[in-house]
1. Between residue 64 and residue 215, what is the FRET efficiency for a Förster distance of 35 Å, r being their Cβ-Cβ separation, to the nearest 0.05?
2. Using the Kirkwood formula over every pair of different C-alpha atoms, what hydrodynamic radius in Å results for segment 105-172?
3. Quick one: compute the contact order of the chain, relative version, from alpha carbon pairs under 8 angstrom and 6+ residues apart, as a percent.
4. Angle check, please: helix 206-219 long axis (alpha carbons) against the longest principal axis of the chain (alpha carbons), in degrees 0 to 90, nearest 10.
5. For segment 43-179, what is one quarter of the convex hull surface built on the Cα atoms, given in nm²?
6. Quick check on segment 157-233: take the gyration tensor over C-alpha atoms, sort the square-rooted eigenvalues as a ≥ b ≥ c, and tell me if it's rounded (a/c under 1.5), prolate or oblate.
7. Using only the alpha-carbon atoms, how far is helix 109-121 inclined from the longest principal axis of the chain? Give it as 0 to 90 degrees, nearest 10.
8. Sorting 210, 39 by accessible area (1.4 Å probe), largest first, what list results?
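The values are calculated or read from the model by the stated rules, or taken from the named source; none is laboratory data. Everything quoted here is computed from the prediction, not taken from an experiment. Because the Cβ atoms are built from the backbone with ideal geometry, glycine has one as well, and the counts that use them run over all protein chains shown. Surface accessibility is based on the protein's heavy atoms, side chains included, excluding ligands, DNA and RNA. Shrake-Rupley method; radii C 1.70, N 1.55, O 1.52, S 1.80 Å.
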Amino acid sequence: MAAQQGEVDELFDVKNSFYIGSYQQCINEAQKVKVSSPEKEVERDVFLYRAYIAQRKYGVVLDEIRPNSGAELQAVRMFAEYLSDESRRDTIVAELDKKMVKSMNVTNTTFLLMAASVYFHDMNTDAALRTLHQGESLECKELKKIQEQDEDATLTQLATAWVNLALGGEKLQDAYYIFQEMADKYSATLLLLNGQAACYMGQNKWDDAEGVLQEALDKDSSYPETLINFIVLSQHLGKAPEVTNRYLSQLKDAHKNHRFIQEYQSKENEFDRLVLQYAPSA
């Protein structure tokens, strides 16, 4: 596959597998690829450990990235520490804030990406965006700029699909075609299947969405986006309340810190407060 300047990107398969959500394939490719330079070795390891993080295998990352590892790998370790240890999250964010205030090497794209990921999971989207704006890689840029830089790149195509999904209307079909084309070309990953399902739901094609989500559920019964989409789907299809509650319970068990669960519980607590506030006095 051609890179931006026409040369072969020896890590294409590693990166591409990561971007489409095929994390085990990314790990497999990273473990067998032969790299040509120390810089490429670091880049390969960054994607390898990011794939382990995506699989929630934080222990692998924390065990293998040592204190004497380079700055890029240390950034990946920071993100793994944040996700794995809830009790240290405030401390990690405070330390990150201090690093962001100091003059830093903005060419360390991995640090910017991992910092933005920490801020995003900490529900500070403003800080995440400010961080990404300092970077020059495709992963850091907004859609218009990456379209100008490399319109055919996997990241560009995915970003286009996600933006079209958010815009809705006629753009939903365009988004669906991108997800479908990538699934046909590479692999029908959970990320791509949930993208297709979201397009179907946006078009009120609930039965089609159910078929795609069932395929995703068969691949991984605890993937959070699949469960969330099933919660939405079961409501619109008029399924019995216990069906929706079953998906919700699965999500709570496997992903208690997921943003959807946190917001859902916040609304539950607010509802209970209002019930008490307006309950008739005895």
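1. The calculated FRET efficiency here is 0.55.
2. Values: mean 1/r = 0.0783 Å⁻¹.
Result for segment 105-172 stands at 12.8 Å.
3. Numbers: 284 pairs, mean separation 26.7, N = 282.
Relative contact order, the chain: 9 percent.
4. 60 degrees
5. Dividing the Cα hull surface by four gives the mean projection, 9.3 nm².
6. Here segment 157-233 falls in the oblate category.
7. The answer is roughly 10 degrees.
8. Accessible-area ranking of 210, 39, largest first: 39, 210.
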